[in-house]
1. Cα-based Rg (one decimal) and Dmax (whole number) for segment 58-197, in Å?
2. Between segment 185-233 and segment 1-72, what's the alpha-carbon centroid distance in Å?
3. Once you have the alpha carbon radius of gyration of the chain, what is it after dividing by 2.2 N^0.38 Å, with N set to its residue count?
4. Counting pairs of alpha carbon atoms under 8 Å apart in space and at least six apart in sequence, what relative contact order in percent does the chain give?
5. Of the chain, which part is the longest with no trypsin sites (Lys or Arg not before Pro) in a loop (DSSP not H, G, I, E, B) and with at most 16 other C-beta atoms within 10 angstrom?
6. What lysines does Lys179 reach when the alpha-carbon gap must be under 23 Å and sequence neighbours fewer than 8 apart in one chain are set aside?
7. Ignoring everything except DSSP H segments at least 4 long, calculate the 222 nm mean residue ellipticity for the chain; use -39,500 (n - 2.57) per segment, divide by total residues, nearest 500.
8. Solvent-accessible area per residue for the chain at a 1.4 Å probe radius, Å²?
Amino acid sequence: MSVETLHRPAHRDALVALERAFDRGDMVVVFGRCTVEYDGRASSSLGPGDRLLVLKPDGSALVHTDEKRTPVNWQPPGSQHHASVREGRLRVRSKRTTPDERLDVRFERIDQLSAFAVSERAELALTGSEEDLRTRILDDPTLVEAGFEPLETERETMAGPVDVFGRDDEGRAVVVELKRRRVGPGAVRQLQGYVDAVGRETGDETVRGVLVAPSVTDRAAALLEENGFGFVALGPDGGRDADEASATGDSPES
């Protein structure tokens with residue numbers, strides 16, 4: 001498990017680390033002096049104090065003090081984490097829309113920030129490589145979708161090599177990006193770069209994109225849907241995850 005830790009970081013350094021962690025789908029803990037405001041089904045405010053903020057890749061946010069086992073405030077899974085620096089201070093917001101509620105944590109001082117690359121679930125711990133995943137798809141292209149025909153691997157583009165390039169059963173070009181582990185929005189942006197590059201180089205405006213990975217973060221799923229990309233829940237060594245596969249495709253859900 002990889003860990004990134006910053007001790008007494010400047011607020012902008014903490015912001016950069018948080019954005020990287022959100023993209024990777026890491027679990028994050030931040031300890032420091034902060035205020036906390038909640039607005040939603042009710043409203044609450046906590047004045048300055050030393051607290052621990054836990055941000056999970058499923059959207060959960062927990063604010064702990066040095067007392068009791070339950071958080072003093074929290075947001076449930078499905079929320080979206082955002083970070084910014086306002087007036088020289090780090091602000092972390094966790095927000096959801098159904099119902100409409102948000103949790104704002106504003107740090108006066110940051111003592112420590114740590115980001116942990118934690119697997120979502122035990123069964124998603126993988127030992128295979130992306131090459132193993134590519135071999136599985138070449139052996140059985142229907143794992144991507146029915147009618148998919150692989151034509152090239154490592155196809156060179158201005159944005160870099162495409163893992164698998166092929167066509168669907170309607171003859172449309174398909175760019176397939178492979179990841180061996182859970183990924184965040186960075187993988188979707190990478191896929192977007194390949195799709196754009198292939199479109200420019202071929203003059204084809206109908207190029208499709210498909211991300212293949214064991215799972216994605218909520219932010220990545222939303223970005224996939226926003227861009228009209230497909231998602232296939234698949235790893236190098238295991239089969240398709242039944243729960244995730246039923247909720248993915250051209251309209252992925254988390």
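The values are calculated or read from the model by the stated rules, or taken from the named source; none is laboratory data. All figures in this text were calculated on a predicted structure; none of them were measured in a lab. We place every Cβ from the backbone using ideal geometry, glycine too, and count neighbours over all the protein chains shown. Just so you know, the surface numbers come from the protein's heavy atoms only, side chains and all, with ligands and any DNA or RNA stripped out. Shrake-Rupley method; radii C 1.70, N 1.55, O 1.52, S 1.80 Å.
1. Final numbers for Rg and Dmax: 20.9, 61 Å.
2. Computed from Cα coordinates, the inter-centre distance equals 30 Å.
3. Details: Rg = 20.3 Å, N = 254, 2.2 N^0.38 = 18.0 Å.
Rounded to two decimals, the normalised Rg is 1.13.
4. The value is 17 percent.
5. Numbers: sites that count: Arg41, Lys68, Arg69, Arg121, Arg172, Arg240.
Excluding the exposed sites themselves, the longest stretch runs over 173-239.
6. By straight Cα distance, Lys179 reaches Lys56.
7. Details: 5 runs with 57 residues, N = 254.
Rounded to the nearest 500, the figure is -7000 deg cm²/dmol.
8. Details: 12630 Å² over 254 residues.
Accessible surface, normalised per residue, equals 50 Å².
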